[in-house]
There are 4 protein chains.
Amino acid sequence: MPHIVVLLGSTRHGRASEGVARYITAQLQILGASVTLVDALEILKNHPLTETDIPAWMEIASRADGFVVVSPEYNHGYPGAVKMVLDGAYDEYEKKPVGFVGVSSGPFGGIRAIEQLRQVCVELGLVAVHEQMLFGFAKKAVAPDGTLLELTHQPRMEIFGKALLNWVERLTNYKIN
Amino acid sequence: MPHIVVLLGSTRHGRASEGVARYITAQLQILGASVTLVDALEILKNHPLTETDIPAWMEIASRADGFVVVSPEYNHGYPGAVKMVLDGAYDEYEKKPVGFVGVSSGPFGGIRAIEQLRQVCVELGLVAVHEQMLFGFAKKAVAPDGTLLELTHQPRMEIFGKALLNWVERLTNYKIN
Amino acid sequence: MPHIVVLLGSTRHGRASEGVARYITAQLQILGASVTLVDALEILKNHPLTETDIPAWMEIASRADGFVVVSPEYNHGYPGAVKMVLDGAYDEYEKKPVGFVGVSSGPFGGIRAIEQLRQVCVELGLVAVHEQMLFGFAKKAVAPDGTLLELTHQPRMEIFGKALLNWVERLTNYKIN
Amino acid sequence: MPHIVVLLGSTRHGRASEGVARYITAQLQILGASVTLVDALEILKNHPLTETDIPAWMEIASRADGFVVVSPEYNHGYPGAVKMVLDGAYDEYEKKPVGFVGVSSGPFGGIRAIEQLRQVCVELGLVAVHEQMLFGFAKKAVAPDGTLLELTHQPRMEIFGKALLNWVERLTNYKIN
C-alpha cells in the first residue's frame with residue numbers, strides 16, 4: 001500500500017487549508033493509499049529558526065512514497081511556513097512524486113504559489129505531478145472537517161489522486177490494488 | 001535624509017548574510033542614507049505562526065523610504081523567514097523601492113531567490129530596482145563584521161546604492177546631498 | 001498628453017487578445033492618453049530570427065511614456081512572440097511603467113504568463129505596475145472589435161488605467177488632465 | 001537504444017549555444033544514446049506565427065524518449081524561439097524526461113531561463129530532471145564545432161547525461177547497455 005504524506009501548509013488562524021487537507025487525505029485513502037496528514041504548525045512549533053534540518057519532518061518524509069502539498073498563496077508566493085518545512089529535509093525527497101493543491105479566499109486558488117513551489121521541488125529532487133487542484137473561495141468549497149461543499153471538485157480530485165498514485169507506482173513499483 | 005531599512009533575511013547559524021547586510025548598511029550610510037539594519041531572527045522570534053501581521057515590522061516598514069532585502073537562496077527559492085517577514089506588512093510598502101542582495105555559499109549569489117522575490121514584491125506594491133548585488137562564495141567575500149574582502153564588489157555597490165537612493169528620491173522627492 | 005503603447009501579444013489565428021487590446025486602447029484614450037496599438041504579428045513578420053534588435057519596435061518604444069502588454073498564457077508561460085518583441089529593444093524601456101493584461105480561454109486569465117513577464121520586465125528597466133487585468137473566458141468577455149461584453153471588467157479597467165497613467169505622471173512629470 | 005532530442009534553442013547570429021548543443025549531442029552518444037540535434041531556426045523558418053502546432057516538431061518529439069533543451073537566457077527569461085518550438089507540440093511530451101542546459105556570455109549560465117522553463121515543462125507533461133548544466137562565458141567553454149575547451153565541465157556532463165538516461169530508462173523501461 002503506497003504511503004502519501006499530505007502537508008497542510010497554512011499555519012494561520014482560521015485557515016481554509018485545513019478542511020482542504022482533510023478532504024484530500026480522505027479521498028486518497030479511498031483511492032487505496034495510506035495517508036499521514038502533517039500540520040506545518042506542529043512541525044514548526046519546536047523548530048528553532050537558527051536550524052536547517054527538521055528531524056521530525058525528515059523522519060516523516062523518509063517514510064513517504066509521495067507527497068501532496070496543500071498551500072495557500074500569500075502575495076503571489078508560497079507561505080514562509082511551507083518553505084521552512086520543505087527546506088527541513090533533502091535526501092528524503094529523492095525521486096518521489098509531489099502533487100500540489102492550492103487554496104485561496106479569492107478566485108485563483110493559489111495558482112501562483114504552486115508555480116513557485118514547482119521550481120523549488122525540482123531542486124529537492126521531487127517529481128512535480130502535472131495534475132493539480134485549485135480551491136478558490138476555499139471556505140465555500142470545503143468545510144473545516146473536510147466535507148466537500150462544492151461538488152464540482154470531485155471529478156478533478158479523482159484525476160489528481162490517481163495521477164499521483166500512478167506516479168508512486170511508476171517510481172516505486174508498488175502495485176495499487 | 002532618506003531612510004532605508006535593510007532586512008537581514010537569513011536566520012540560520014553561521015549565516016553569511018549577516019556580514020553582507022552589515023557591509024550594505026555601512027555603504028548606504030556613506031552614500032548619505034539613514035539606515036536601520038533589521039534582523040529577521042529578531043522580528044520573528046516573538047511572532048506566532050498563527051498570526052499574519054507583524055506589528056513590530058509594520059512599524060519599522062512604515063518609517064522606511066526604501067528597502068534592501070539581503071536574502072540567501074534555499075533550494076532555488078527564498079527562505080521561509082524572509083517571506084514571513086515580508087508577508088507581515090502590506091500598506092507600509094506602497095510605492096517604495098526595494099533593492100535585492102543575494103547571498104550564497106556557491107557561485108550564483110542567490111540569483112534565483114531574487115527572481116521569486118521580485119514576483120512577490122510587485123504584489124506588495126514595492127518597486128523592484130533593476131540593479132542587484134550577488135555575493136557568491138559569500139564568506140570569502142565579506143567578513144562577519146561587514147568588512148569587504150573581495151574588493152571587486154565595491155564598484156557594483158556604488159552603482160546599486162545610488163540606484164536605490166535615486167529611486168527613493170524619485171518616489172519621495174527627498175533630495176540626496 | 002502621455003503616450004502609451006499597447007502591445008497585442010498574440011499572433012495566433014482567432015486570437016481573443018485582439019478584442020481585449022482594442023478595448024484597453026479605447027479606454028486609455030478616454031482616460032486622456034494618446035495610445036498606439038502595436039500588433040506583435042506586424043512587428044515580427046519581417047524580423048529575421050537571427051537578429052536581436054527590432055528597429056521598428058525600438059522606434060515605437062522610444063516614443064512611449066508607458067506600456068501595456070496584452071498577453072495570453074501558453075503552457076504556464078508567455079508566448080514566444082511577446083518575448084521576441086520585448087527582447088527587440090532595451091534602452092527604450094528605461095524607467096517607464098508597464099501594466100499587464102492577461103488573456104485566456106479558460107478561467108485564470110493568463111495569470112501565470114504575467115508572473116513570468118514581471119521577472120523579465122524588471123531586467124528591462126521597466127517598472128511593473130501593481131494593478132493588472134485578467135480576462136478569463138476572453139471571447140465571452142470582449143468582442144473582436146473591442147466592445148466589452150462582460151461589464152464587470154469596467155470598474156477594474158478604470159483602476160488599472162488610472163494606476164498606469166499615475167505611474168507615467170510620477171515618472172515623467174506629465175500632467176494628466 | 002534510447003533516443004534523445006537535443007533542441008538548440010538559440011536562433012541568433014553567432015550563437016554560442018550551437019557549440020554547446022554539439023558537445024551535448026556527442027557526449028550523449030558516447031553514453032549510449034541515439035541523438036537528434038534539432039535547430040530551432042530550422043523548425044521555425046517555415047512556421048507561420050499564426051499557427052500553434054508545428055507538425056515537423058511534433059513528428060520529431062513523438063519519436064523522442066527524452067529531451068535536452070539548450071537555451072540561452074535573454075532578459076532573465078527564455079528566448080521566444082525556444083518557447084515557440086516547445087508550444088508547437090503537447091501530447092508528444094507526456095511523461096518523458098527533459099534536462100536543461102543553460103548558456104550565457106556572462107557568468108550565470110542561463111540559470112534564470114531554466115527556472116522559467118521548468119514551470120513550462122511541468123505543464124507540458126515533461127519530467128524536469130534535477131541535474132542541469134550551466135555554460136557561463138560559453139564561447140570560452142566550448143568551440144563552435146562542439147569541442148570542450150573548459151574541461152571542468154566534463155565530470156558534470158557525465159552526471160547530467162547519466163541522470164537523463166536513467167530517467168529515460170525509468171520511464172520507458174529501455175535498458176541502457
Distances over 51 Å make up what percent of all Cα-Cα pairs in the protein assembly as shown? 7 percent
Counting other Cβ atoms within 10 Å, keep those with at most 13, restrict to DSSP loop, and tell me which GluC sites (Glu not before Pro) in segment B:104-177 are left. B:Glu150
Roughly how many Å is it from the Cα centre of segment C:3-67 to that of segment B:120-177, as a whole number? 33 Å
Along Cα-to-Cβ, 7 Å out, sits the label point; list in nm, shortest first, how far the one on A:Thr172 is from those in the other copies. 2.7, 5.4, 5.9
Which whole number of Å³ per residue matches the convex hull of the alpha-carbon atoms in segment B:125-177? 117 Å³
State whether segment A:21-102 is rounded, prolate or oblate according to the following rule on the C-alpha gyration tensor (a ≥ b ≥ c being the square roots of its eigenvalues): a/c under 1.5 gives rounded; otherwise a/b larger than b/c gives prolate, and the remaining case gives oblate. oblate
Please sort by residue number the GluC sites (Glu not before Pro) in segment C:34-103 whose DSSP state is loop and whose Cβ has at most 14 other Cβ atoms within 10 Å. C:Glu51, C:Glu94
What is the total of Lys pairs in segment C:3-172 with C-alpha atoms under 24 Å apart, excluding same-chain pairs fewer than 8 positions apart? 6
What average count of beta carbons from other chains do you get within 10 Å of the Cβ of residues in A:80-89? 5
In Hz, Karplus ³J(HN,Hα) per residue of segment C:128-135 (6.51, -1.76, 1.60; θ = phi - 60°; x = Gly, Pro): 6, 6, 4, 5, 9, 10, 10, 10
Per-copy distances of the D:Pro155 label point, shortest first, in nm (7 angstrom along Cα→Cβ): 3.3, 5.4, 6.2
So if the hydrodynamic radius of chain D is defined as the Kirkwood radius over C-alpha pairs, what does Stokes-Einstein give as its diffusion coefficient at 25 °C and 0.890 mPa s, in µm² per second? 155 µm²/s
Please list, by residue number, every one of the trypsin sites (Lys or Arg not before Pro) in segment C:19-122 that is coil in DSSP and has at most 15 other beta-carbon atoms within 10 Å. C:Lys45, C:Arg63, C:Lys95
Burial ordering of B:Thr50, C:Thr11, D:Thr52, fewest other beta-carbon atoms within 10 Å first: B:Thr50, D:Thr52, C:Thr11
Distances in nm from C:Pro55 to the matching label points in the other copies, shortest first (labels 7 Å along Cα to Cβ): 3.6, 6.4, 7.0
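Throughout, read-outs are computed from the coordinates displayed, never taken from laboratory work. This is a predicted model, so every value here is computed, not measured. In this analysis, Cβ positions are derived from the backbone assuming ideal geometry, glycine residues included, and neighbour counts consider all displayed protein chains.
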